[in-house]
Amino acid sequence: MDTTTLFVVGLFLLVGCAVAVGELVSRLGQTALIGQLAVGVVLGPTLLGGPLGLTAISPEFSGLEILATFFVLMTAGLAVTPDQIYATGGPSAALGITIFVVPFLAGSGVVHLLYPALGWTEGLFVSLTISITALPVLGVMLREFGLFGTRFGTFLLNGAVVNELAAVTTFSILLRAHATGYALGASAAIAGLTVVVFLTSILAVHFGLRSLRELHLWDRLVARFRRDWHSPEGGFAFLMVGGLAAALYSQLLGLTFLVGAFYAGLLVTPASAGVREHRDITRIFEAVTWGFFIPLFFALVGFGMDLRTLLASPLVLAGFAALCLFAFVSKLSVGGLVARALGWPPEDALAAGFLLASRGAVELAMAVLLLSLGIFDTAVYTVVAGVGLVTTFLSPFGARPFVRPGIGPGGPPVAGSARPGPGSLPSGPPEAGGSPPA
């Protein structure tokens, strides 16, 4: 077969099987990403890749993987609003920072002990990727347990928002420091300054949009755009151009396009885009992302794994098992201890800890980029993706016995903290069109 035919056949197999197996797995009570990852593993070098002649991602799929990663990170940003961050409150902010900082710092030591051959930079990246709580996956589990929109669910979601923001920002600093090649102190200073410049720019855009809104100028601009723009789906086109511009800006600053894509999504809110326009834009974005790019992304992540590297020796397998155990227990214990410190009953604190232990797409997107940059090799990449797979599988099973009506802080249900959009509010059956990450 010619190259084009092979590409179309591969795309059909990856997306078709990922959608079908993801749906099957979701009917069994798990998130669809587990089935989608498994499809990639089966079709990749671990099992069928050799007989099928599929031993590596082709250049055509590499470009598509970058595009899918962009959509994944922008989707994660779309699930967060600046107002949500402002309204997080001290307890949720403390939860989010703690469940990131403690596993990250402790994990750097654990990774160094388990994988002494890794450099400190690579070890920090591994520790970072296992320190993220999956915001959309958490939303899906809360929805399945009937906790979405409750004070308990809102508290955990707000904590996950802070966790994700801290992780993305830290990732940008580490990557910038790695790229400079200067001494550690100078690298950290340059990286920190670069991140400050980027975040200041993002905040300036946000406050500029807010000022236009308060002066009632934005509503007029939106109405005029709606009246005068003749090309179809202009709002979605502007979203894509804005997202790509932010991705390019962060890439030129040395922070990678992932950071720009995430924060660009965060700026698109009903207040900035208009309520009707925001609803229409997110509906289109949700269909494209969850219906195509999410299944493809997770299938490609699984395809890049080679589980044979974990079976190279009993010592390697034991190291992977120990890292999975640390990744799961660190989130469970830290999340549970913070909840207990806030006065929650032990059962509620355990439910919170289990739910916060899930991973998802943000850390996998980071792993994909690190693999493409040569910072991770296939063995390390497989370990990181495998940890995400195992912890996400265990999280709902562990939480189920402790979930009950009236769980968590008292009071009536409140509006969900995540805005309407991909993986946020229950606009359809859980897992429809694919399962999120974090």
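Just so you know, all these numbers are worked out from the coordinates, no wet-lab data involved. Because the structure is a prediction, the values reported are computed rather than measured. Positions of Cβ are generated from backbone atoms using ideal geometry, with glycine treated the same way; all protein chains shown enter the neighbour counts.
Under 5 Å between amide hydrogens, which residues at least 5 positions from Trp344 or on another chain qualify, with H placed 1.01 Å from N in the peptide plane?
none
Would you work out the relative contact order for the stretch 234-353, in percent, from Cα pairs under 8 angstrom that are 6 or more residues apart?
For the stretch 234-353, the relative contact order is 13 percent.
If you average the C-alpha positions of the stretch 142-168 and of the stretch 210-241 separately, how far apart do those two centres end up, in angstrom?
Each part reduced to its Cα centre gives a spacing of 31 Å.
Give me Tyr381, Tyr249 ranked fewest to most by other Cβ atoms within 10 Å of their Cβ, as a rough exposure proxy.
So the residues, fewest neighbours to most, are Tyr249, Tyr381.
Most exposed first by the Cβ proxy, i.e. fewest other Cβ within 10 Å, how do Leu217, Leu124, Leu138 rank?
Least to most surrounded, the residues fall as Leu217, Leu124, Leu138.
Just rank Asp228, Asp306, fewest to most, by other beta-carbon atoms within 10 angstrom.
Asp228, Asp306
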